[in-house]
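Everything below concerns the one structure shown next.
Just so it is clear, none of the values below were taken in a lab; they were calculated from the coordinates. Note that the structure is predicted; figures quoted are calculated from it, not measured. Positions of Cβ are backbone-derived with ideal geometry, glycine not excepted, and every protein chain shown enters the neighbour counts.
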Amino acid sequence: QLLDAAHVSAIGNPIETKQDTIIFNAASFQVGQNQMLEDLLKRMPGMEVSKDGTVKYNGETIQKITVGGKTFFFDDPKMALKNLPAKVVDKVKVIDKVSDAEQFTGVSTDREKVMDLEFKQEFKKGWFGNATVGAGTTVAGDRKDEMVDNRGFLYTGNVMASGYNEKDQITLVGGAYNAPISEDN
């Protein structure tokens, strides 16, 4: 009986260390199709993600999240955590980096922890984004109840879109709502 050729595939090492850099292979940490970077990081050993968007690795705070060594999302780690799809990430690198001030002045200061993300080849350029929309109405009446007031139709919406390639990036962020807190509250 003739057998078909065997195909062996492997993900590789989940974690590598190279000098001052820890490299996590994102494919080694399973997350759902619609999960964000925040969910991926929570699965990696030594990583902590707090509700306020602070990321720590082995107890040390990550000061910046970059993509391919470049600033992404206005240098706001929380924005990257909540909006960057986990499926686009190939490698997560945690680097003990010389601070920008030390590079400029040559005066030794504390090193900073930087997280650099490397995208999968098929996601090195493109667009991604997300949107949330909500609407409703309050109940009108004379009762002094939390659910009863005269504000009428209420809405809220947020949108984020980001386009990038290896040289340039553009990010659009917007939001709108009409739900002011009533004077009674």
Item to check | Extension gain from Ala5 to Val173, taking 0.36 nm per residue of separation minus the Cα-Cα distance | outcome: 55.4 nm
Item to check | Distance in nm between pseudo-label sites at Asp52 and Val159 (7 Å out along the Cβ direction from Cα) | outcome: 3.2 nm
Next on the checklist: Cβ neighbours within 10 Å, averaged per peptide: list 167-175, 83-91 in order, most packed at the top.
Outcome noted: 83-91, 167-175
Checklist outcome for this item: For segment 165-177, Karplus-derived ³J(HN,Hα) couplings (6.51, -1.76, 1.60; θ = phi - 60°; whole Hz; x for glycine and proline) come out as 9, 6, 10, 10, 8, 9, 10, 10, 10, x, x, 8, 7
Item to check | Phi to ³J(HN,Hα) by Karplus 6.51 cos²θ - 1.76 cosθ + 1.60 over segment 39-52, Hz, x for Gly, Pro | outcome: 5, 5, 5, 4, 8, 8, x, x, 8, 10, 10, 8, 5, 7
Checklist outcome for this item: So the FRET efficiency between Arg111 and Glu16, C-beta based with R0 = 30 Å and rounded to 0.05, is 0.90
Item to check | Sorted peptide list for 37-49, 20-32, criterion being average Cβ within 10 angstrom, highest first | outcome: 37-49, 20-32
Checklist outcome for this item: Quick calc, segment 1-89, dipole around Cα centre from Cβ unit charges on Lys, Arg (+) and Asp, Glu (-), nearest 20 debye, gives 160 debye
Next on the checklist: At R0 = 25 Å, how high is the FRET efficiency between Lys42 and Asp96 if r is their beta carbon distance? Nearest 0.05 is fine.
Outcome noted: 0.70
Checklist entry - Quick one: net charge of Asp90's neighbours, Cβ under 12 Å, K/R +1, D/E -1? => result +2
